[in-house]
C-alpha cells in the first residue's frame with residue numbers, strides 16, 4: 001500500500017518558489033518538475049505493465065492453480081509486503097541500482113500475488129476494470145497535480161482509512177461477511193482515489209526540496225512506488241464491483 005511513513009513538512013506553495021533570474025529560472029524549474037514527474041510516471045506505468053504480464057503468465061501457465069492451498073500460496077501473498085518494508089526501511093542503505101532491482105522485483109511479486117484474479121473473474125471484466133481504473137487514476141492524478149487546493153490535510157485521514165481497511169479485511173477473513181466485504185471494497189476505492197490525488201500533489205511539492213540533490217533519483221522510485229500502490233489497490237477494490245465471476 002501507499003508509503004504511509006512519509007512525514008509531512010511545512011512547505012511553501014508551489015507558486016511561491018523564489019525564481020531568481022526571472023522567467024529563465026521559472027522555465028528551468030518547470031521543465032525540471034515535468035521531467036521529475038514524467039520519470040515517476042514512467043517507472044509506475046512500467047511496473048504496472050510488468051505486474052500484468054507476470055500475472056497473466058502465472059495464471060495461464062497453471063502456476064497459480066498449482067500453488068493454491070499450499071504454503072507457497074501464503075509466501076507469494078505476503079511477498080509484496082516484504083518488498084514494501086525493504087524499500088521503506090532500507091532506502092537510505094541501498095544504492096540506486098539495488099533500489100531499482102528491489103522495485104522491479106516488487107512488481108514481479110505483486111504480479112504473482114494477484115494472478116488469482118484470472119481464475120476467478122472473466123477476462124473481459126478484468127480488462128474493463130483495468131481501463132476504468134486507468135481513466136480514474138489519470139483524472140485524479142491530473143487533479144492532484146493542477147489543483148490550487150492544499151490536499152495535505154487529507155493525508156492523516158486517508159492513512160487512518162487504510163489502517164482501518166487492513167483491520168476490517170483481516171476480521172472479514174474469519175467472518176466471511178458479504179455485506180462487510182462490499183463496504184470494504186467501496187471504502188477502498190474511495191480511499192485510494194483520494195490517495196492518488198494526495199500523493200500526486202505531495203510528489204509535486206517535494207520536487208522543490210529534492211531538485212539538485214543526490215537523493216532525487218531514489219525519490220523518483222519511491223514516488224513511483226506510492227502511485228503504483230494507489231493504482232493496484234484501486235484496481236483490486238474496483239474489481240469487486242465490476243468483475244464478473246467465471247462460471
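Remarks
- Hits in the range 208-223 (condition: assigned to a helix (DSSP H, G or I) and surrounded by fewer than 22 Cβ atoms within 10 Å (Cβ to Cβ)): 208, 209, 210, 216, 217, 218, 219, 222
- Residue list for the range 61-71, filter: without any contact (Cβ under 8 Å) to a residue 40 or more places away in the chain and surrounded by 12 or more Cβ atoms within 10 Å (Cβ to Cβ): 66, 67
- Within the range 193-217, considering residues that are farther than 19 Å from residue 34 by Cβ and more than 19 Å from the chain's Cα centre (by Cα), the one modelled with the highest pLDDT: 215
- Among the candidates 58, 77, the residue that is surrounded by 14 or more Cβ atoms within 10 Å (Cβ to Cβ), modelled with pLDDT of 95 or more, within 30 Å of residue 117 (Cα to Cα) and in contact with a helix residue (DSSP H, G or I) (Cβ under 9 Å, 6 or more places away or on another chain) is uniquely 58.
- Of the candidates 101, 108, the single residue that is closer than 13 Å to residue 54 by Cβ, modelled with pLDDT of 95 or more and part of a helix (DSSP H, G or I) is 108.
The values are calculated or read from the model by the stated rules, or taken from the named source; none is laboratory data. This is a predicted model, so every value here is computed, not measured. When we count neighbours, we look across all protein chains shown, and the Cβ atoms used for this are built from the backbone with ideal geometry, even at glycine.
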